[in-house]
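The values are calculated or read from the model by the stated rules, or taken from the named source; none is laboratory data. Every value quoted in this text rests on a predicted model; they were computed, and no experiment measured them. Heads up, the Cβs are rebuilt from the backbone with ideal geometry, glycines too, and the neighbour counts pull from every protein chain shown.
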Amino acid sequence: MTRRYTAELIRKNFIGPDIDVPAPDYGTGEREMGWIADTYKNLKMNEGNPYACVTGKPVAMQGIMGRKQATGLGVFYGIRCCVSREEDMKGLGLGVGLEGKRVIVQGLGNVGYHAAYYLQKEGGAKITGIAEKEGGLYRAEGLDVEAVFQHRQAKGSILDFPGAENVSDPGELLERECDILVPAALENQITGKNAERIQAKLVAEAANGPVDFEGEKILHERGIWVLPDLYLNAGGVTVSYFEWLKNKAGVSFDRMISRHEELVKRELLDAMEDMTGETLATERKARLIKGPREEELVFAALEETMRRAYERIHDLWKGRHLPDLRTAAYLYAIERVGDSYKQHGIFP
């Protein structure tokens, strides 16, 4: 069942055919998740936490801050982990870190936009190309992701963005020279037909299955790394898990700890001022004392989850001399499931 069909099904059965609700431009989003949660709540009025039935809800309906950008942000965290290892980057002929690296992104939807935005804003990468269904943009000096996004919102197309080259065939843009290629749109975009022409040194799978079996085989033979989708785009489901925990608990994370942290920080800063005889400026002190917001907690937990996962996958890949990161990711997941079965006595 496609996301678009699911949205239409929700409209017909949960909202009603006679109610004028504009159809979504793409798939399902916060609104549709809100419809599901509200309907379930009315059907299960005696349940203690009915909002835990679905994630990706609006914040006003017990959703969680940061869920919308979670998948793209997780892609950014995953790529940043990958390029932080000097030995690995040396093997690819790249320097450590994201600063200045040339990136081409396919897709300017929720995942592609946020991945590109954080790669540029937080990582310092240079977004040289953006591809969408209507075509692509290329600018060797780099594109302003937010400006391109606003241009598409206003014009309905990324094409004709000031100062950028229009690329009529978006598939051709995938084959342009870059350091990191981020397919964040459709599956089977890199196949046996075009893998020989891919010039990126690292392909980061932000979409589900953007590289097929034959394409991946060719990329590996050419020494191009593939950062696998089952790891890289897991940020969305990770934060959905945080949302589910919030709904089960019935309280937001920041409400539980924020005030306590403020009190502890205030006492610590007061003690430091007494010891040094110095007084911090009021605005600076207030900024240092302020407890974490829910979004900050979510982002920190997501970053830590992506970091730990990459370290474990990478160590398994190198330690067991596995052929690639995808194999390591699958093996790590299977071994965890197997260990759980073993501990439950399902098999010896």
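Of note:
- Listing of helices (runs of 4 or more DSSP H) fully contained in region 23-112 that carry 3 or more residues being buried (at least 18 other Cβ atoms within 10 Å of the Cβ): 30-43, 70-82
- Output for region 241-293, where each listed residue is among the acidic types (Asp, Glu) and outside any helix (DSSP H, G or I): Glu278
- Residues that are within 23 Å of the chain's Cα centre (by Cα), among the charged types (D, E, K, R) and closer than 26 Å to Glu303 by Cβ occur at least once in region 139-146.
- Leu302 being at pLDDT 90 or above and touching a Phe, Trp or Tyr at 6+ places or on another chain (Cβ under 6 Å): no
- Among the residues making up region 118-147, those that are surrounded by 21 or more Cβ atoms within 10 Å (Cβ to Cβ) and more than 17 Å from Gly100 (Cβ to Cβ) are Ile130, Ala131, Glu132, Gly136, Leu137.
- Taking the numbered list (1) assigned to a helix (DSSP H, G or I); (2) more than 25 Å from Phe76 (Cβ to Cβ) in turn, Ile346 passes all entries but (1).
- Only one of Lys126, Lys68, Lys133, Lys101 that is farther than 19 Å from Pro183 by Cβ and among the basic types (Lys, Arg): Lys68
- Residues of region 218-240 that are touching a residue at least 12 places away in the same chain (Cβ under 8 Å), not in a loop (DSSP other than H, G, I, E, B) and not aliphatic (A, V, I, L, M): His220, Trp225, Asp229, Tyr231, Gly235, Gly236, Thr238, Ser240.
- Within the option set Leu181, Leu202, Leu173, being in contact (Cβ under 8 Å) with a residue 40 or more places away in the chain, touching a Phe, Trp or Tyr at 6+ places or on another chain (Cβ under 7 Å) and within 18 Å of Val83 (Cα to Cα) holds for one residue only, Leu202.
- Matching residues, region 188-217, being touching a Ser or Thr at 6+ places or on another chain (Cβ under 9 Å) and either assigned to a loop (DSSP other than H, G, I, E, B) or of a type in the set (Gly, Ala, Ser) (or both): Ala206, Asp212, Gly215
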